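As structure tokens, the structure follows; a few thoughts come after it.
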Amino acid sequence: MKQDETMLRFSLAAKGTILLAELSRGGYSRVRVKALDHAYRPDKKVTPFGIFLPDYGSLFIYFTTSTVTSDFMVDCLSDCWQHLKAQFPKVTSLVVHQDNGPECHSRRSQFMKRMVQLADETQCSVHLAYYPP
């Protein structure tokens, strides 16, 4: 339930890596394919990263083919805010809910450096809120 129009809440979460290959659809295909060996090597790996706005039920999904890093997370948050800022002209504070993962922990200097840069770029105060373990 949205109460303060000067604050916008985000919830960040990375999910498990997805292997992409011939069998990435569970072995089902719309075209007839010769059977593949189950011991396959994936062509690619992608990791989904979601940014959820709990007050509005909006979800933004990003994908990376490398590991989820603090730089990737802040880049996604910055991109999301660039798309949303016109809809929320009164917002002056961004509240970021997240887990205590290694890439976004408040003791991680790279993550904190990038969050300070985000605050400077957006001219919004950024509040970090961590979910309990």
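The values are calculated or read from the model by the stated rules, or taken from the named source; none is laboratory data. Everything numeric in this text was worked out from a predicted model, so none of it was measured. Here the Cβ positions follow ideal geometry from the backbone for every residue, glycine too, while neighbour counts run over all protein chains shown. All accessible areas refer to the heavy atoms of the entire protein, side chains included, with ligands and DNA or RNA removed. Shrake-Rupley method; radii C 1.70, N 1.55, O 1.52, S 1.80 Å.
Residues of the range 87-102 that are open to solvent by less than 40 Å² (accessible area, probe 1.4 Å) and either of a type in the set (Val, Ile, Thr) or out of contact with any His (no Cβ under 8 Å at 6 or more places or on another chain) (or both): PHE88, VAL91, VAL95, VAL96, HIS97, GLN98, GLY101.
Checking the range 28-49 against the condition returns a match, with at least one residue being at pLDDT 90 or above and over 24 Å from PRO132 (Cβ atoms). Within the range 1-27, restricting attention to residues that are modelled with pLDDT of 65 or more and charged (D, E, K, R), the residue that is farthest from GLU103 (Cα to Cα) is GLU22.
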